[in-house]
Amino acid sequence: MRFRIQNYRNKLSRKFYENWFMFRKKREKVWKSFLEKGHEKMTVMFIPHNEKKIFNFQISKFIIFFFISLFVVILVTSSYAVIKNRQIKNEEQKLLLSYNDVRADLIRYEQATDEIIDLMDDLKPEIEELYQLAAGTDEIGDIWSFREYDKETMDELLKNKRIVPDEIFAMKDVQKDLLSTTSTVKTIKNFIDVRSKVINDMPSIVPNPGHISSLFGWRRSPFGHGRDFHTGIDIAASAGTPIRAAAPGEVVSASFNGGYGLAVRVRHKFGYETIYAHMRAVAVGKGAKVRKGDKIGYVGMTGNATGNHCHYEIRLGDIPINPYPYMSRMW
C-alpha cells in the first residue's frame, strides 16, 4: 500500500515538472517571438516631388508602439485636464456669483448697521433726558455701562479682531446700548411709579371746573382796601358746581370759618393740607376719609366773597403755598 502511494506521488511530481517545463518553454518561445517581432525594422521614406534625394530611415516596432502609447497617454491626460479645467472654471463661476451675493448682503448689512447706530445715537439723548427728568437730577451717572454684558464673547472676538468684521463689534456695541437702555427704562419706570404714587397722594387736580379769577400772591383788594396778600387761587364757577378733593386724605374741619365762609379743610400725606372756601354747602363731615376726586361741597359765595367761586388753598406745614404749579398741568 505504501509503495502504491509513493509511486502515485512520483507520477504526480513527474507530471507537474513536465507541465511546468513545457509552460516555461512555451513562454520563452512566445517572449522570443515577441522580441523578434518588436525588433523588426520598418522603413519610412520621404519622397519629394522634385529631384532631390529621397530621405528614409528605419524604426523598430517597439519604438512605434512606444510613441503610440505615449500619444495615447498624452491624449487621455490632456482630455482629463481639459475636462477638469472646465469643471474648475464652472466652480469658479459659481463661487464668484456666490461671492457677489455675499458681498451684496454684506453691504446691506453694513447699511442696516449704520442706520441702527444712527438711531441709537439719536435715542441716547432722549433716554438721558428722560432719566434726568425721572431722577430729578442733571447727572446721568453710568447708565450706558451695562455690568452684566457678555465679557467672554467680547474677549473671544478681540482675540480674532484681524478676521472679524468691524460691523460685528459695532453690533455688539449696539447690543450693549440696548441692554443699557432696557435697564435705564426699567429704572425710569421705577422712578415714575414712585412719583406717580407720591403725586397721587399730593394735591394734583383742579378742585372744580371754571376759570381763575384771582391768583396767589399780592393783589388789589376786591373789597377796596388797597393791596392784600391772597393765600390761594379763586376759581369762579356757577353756584352749585361740585367741588372735589384734590388728593386723598382726612377731613379735619367742615364748617363755617369766618371770612372763608363755609369751608372744608383736608389733611393729606407729606404735610400737605388743602382748604376749599366760600362753599354754598358742604358734602362731608369732620373725620371723613376722602379719595382724590371725591365730592366734598358746592361752589357758593359765603363769607367774604364778591361772587360765586371756590377759594382753593394749599398749605405745607401750615404755610400757604402757590397752588398753581400743582394744577397748571390741568389748565
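Only the coordinates and a few stated rules stand behind these numbers; no lab work does. As the structure is a prediction and not an experimental result, all values here were calculated from the model. Here the Cβ is made from the backbone with ideal geometry for all residues, glycine too, and neighbour counts use every protein chain on show.
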Residue with peak Gaussian network fluctuation, the chain [Cα springs, cutoff 10 Å], from 168, 64, 54:
54
Gaussian network model of the chain, Cα within-10 Å springs - most flexible of 69, 213, 183:
69
Let me have the relative contact order for the stretch 211-330, percent, based on Cα pairs under 8 Å that are six or more residues apart.
29 percent
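Which loop GluC sites (Glu not before Pro) in the stretch 31-116, with loop taken from DSSP, have no more than 14 other Cβ atoms within 10 angstrom of their Cβ?
40, 51
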Given charges at Cβ of Lys, Arg, Asp, Glu: the chain dipole, positive-most of 125, 16, 67
16
So if a site counts as exposed when it's one of the trypsin sites (Lys or Arg not before Pro), its DSSP state isn't H, G, I, E or B, and it has at most 13 other Cβ atoms within 10 Å, what's the longest stretch of the chain without one?
163-285
Global form of the stretch 24-107, assessed from the alpha-carbon gyration tensor, a/c cut-off 1.5
oblate
Below 8 Å between Cα atoms, with a sequence gap of 6+, how large is the relative contact order for the chain in percent?
11 percent
What do you get for Rg/Rh of the chain when both radii come from the Cα atoms and Rh is the Kirkwood radius?
1.73
Out of 274, 153, 77, a Gaussian network model of the chain with alpha-carbon springs under 10 Å gives the largest mean-square fluctuation to 77
If you count the DSSP beta bridges with both ends in the stretch 215-312, what percent of them are antiparallel, to the nearest 5?
100 percent
Out of residues 5 or more away from residue 299 or on other chains, whose amide H comes under 5 Å of its own, with H placed 1.01 Å from N in the peptide plane?
240, 241, 243, 280
If amide hydrogens are placed 1.01 Å from N in the peptide plane, which non-local residues have theirs closer than 5 Å to the one on residue 230?
217, 218, 219
So what's the gap between the Cα centers of the stretch 110-140 and the stretch 256-305, to the nearest angstrom?
46 Å
